[in-house]
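Below: the structure, in structure tokens.
The values are calculated or read from the model by the stated rules, or taken from the named source; none is laboratory data. Because the structure is predicted, anything quoted here is derived from the model rather than measured. Here the Cβ positions follow ideal geometry from the backbone for every residue, glycine too, while neighbour counts run over all protein chains shown.
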């Protein structure tokens, strides 16, 4: 009983002390919103080769020779691979033999026709015999022409077993191996011309219209060039049709030939000068800072007392890792880049 009475004031004193195991407030990282030059608009794009070819087989057969691999430089007309052509070669040889036999028969028919004409001139044979000799000679000529055409088809068929580069370029991929079975339409080698590259972007119809009216267009290659490339508006190519599913318009911009290191498929950004309605200041925040809860979209903003406060915003178009905020934020606001940690702060 005495021990219990002695513990009562001790427990009472400890109850008024803060717990040593209380969690420390988390340290949040904030980032200031980015303000973009008002007159410029941008869109994600990609680099692609103007000449990008998937070479496929036109005949069936096993691949017996493979001369290239991905990354090789090839010249125009260079042999890339060879398909087993033994049956085609034998067929071509048989066709050529038939042509030789028909030509020998034609020579015999031609000589017989000449003799019949001489006999007819001396009145030794009738007109009917001469006409029969002429018909045999003409039939032999037609037979030679038909067999020569068949031999040409057989030779062309044998030539399809050799795959050659249509132009000088770089081998992008070789999705087959030695011994694989080539089938008509199956891709065998992909090549592209690195000397002719362009930037392609899919824009909304409104953006495409503003791009046509723009007086200045630039291309940005992040990680490759420190500055943007100025492109003459006359070099722009806006395709006259829109995609029926996304309703976007494809825009193509040729890259200068002196841009070294650009690879087809790499990321790019297309910039163009906006019109007068775009003169307002544009605010960008990181995409990972955005919080989506049911129908609410917001970000955690540093309040006056330094605590994070959830604020509803209206988002615009995403630009890579950033997204435009149309309303809800000002140029002086700071947003938390870890919304899950900010939500736990009380």
Item checked: Counted residues, segment 227-250 - those being under 17 Å from residue 45 (Cα atoms) and assigned to a loop (DSSP other than H, G, I, E, B) -> 6
Notebook entry, point to check: Say we look at segment 262-282 and pick out the residues that are assigned to a loop (DSSP other than H, G, I, E, B) and modelled with pLDDT of 85 or more; which of these is nearest to residue 329 (Cα to Cα)?
Noted result: 266
Note to self: Anything in segment 72-94 that is closer than 21 Å to residue 179 by Cα and modelled with pLDDT of 85 or more? List them, or say none.
What the structure shows: 72, 78, 79, 80, 81, 82, 83, 84
Check: So which of 259, 285 ends up being crowded, with 18+ Cβ neighbours inside 10 Å and either modelled with pLDDT under 90 or part of a strand (DSSP E or B) (or both)?
Finding: 285
Next item on the list: Residue by residue through segment 210-230, note down the ones that are surrounded by 12 or more Cβ atoms within 10 Å (Cβ to Cβ), within 23 Å of the chain's Cα centre (by Cα) and either in contact (Cβ under 8 Å) with a residue 40 or more places away in the chain or more than 17 Å from residue 266 (Cβ to Cβ) (or both).
Entry: 211, 217, 218, 219, 220, 221, 224, 228
Check: For residues in segment 142-175 being assigned to a helix (DSSP H, G or I) and surrounded by fewer than 15 Cβ atoms within 10 Å (Cβ to Cβ), which is nearest to the chain's Cα centre (by Cα)?
Finding: 159
Next item on the list: Pick out the one residue from 309, 317 that is farther than 23 Å from residue 201 by Cα and either in the same structural domain as residue 288 (by TED's automatic domain parsing) or over 36 Å from the mean Cα position of the chain (by Cα) (or both).
Entry: 309
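Quick grid of which residues meet (1) in contact with a helix residue (DSSP H, G or I) (Cβ under 6 Å, 6 or more places away or on another chain); (2) outside the structural domain of residue 224 (by TED's automatic domain parsing); (3) surrounded by fewer than 16 Cβ atoms within 10 Å (Cβ to Cβ); (4) at pLDDT 95 or above:
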position: 35; (1), (2), (3), (4): no, yes, yes, no
position: 45; (1), (2), (3), (4): no, no, no, no
position: 57; (1), (2), (3), (4): no, yes, no, no
position: 62; (1), (2), (3), (4): no, yes, yes, no
position: 65; (1), (2), (3), (4): no, yes, yes, no
Next item on the list: Kindly indicate whether residue 62 is more than 35 Å from the chain's Cα centre (by Cα) and over 30 Å from residue 135 (Cβ atoms).
Entry: no
Check: Is there any pair with a first residue in segment 22-45 that is closer than 17 Å to residue 329 by Cα and a second that is at pLDDT below 65 and surrounded by 11 or more Cβ atoms within 10 Å (Cβ to Cβ) whose Cβ atoms are under 8 Å apart and which are 6 or more apart or on different chains, and what are they?
Finding: 38/278
Notebook entry, point to check: Residue check: is residue 168 touching a helix residue (DSSP H, G or I) at 6+ places or on another chain (Cβ under 8 Å) and in contact (Cβ under 8 Å) with a residue 12 or more places away in the chain?
Noted result: no
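Hey, among the residues in segment 110-128 that are loosely packed, with under 13 Cβ neighbours inside 10 Å and assigned to a helix (DSSP H, G or I), which one's farthest from the chain's Cα centre (by Cα)?
My answer is 121.
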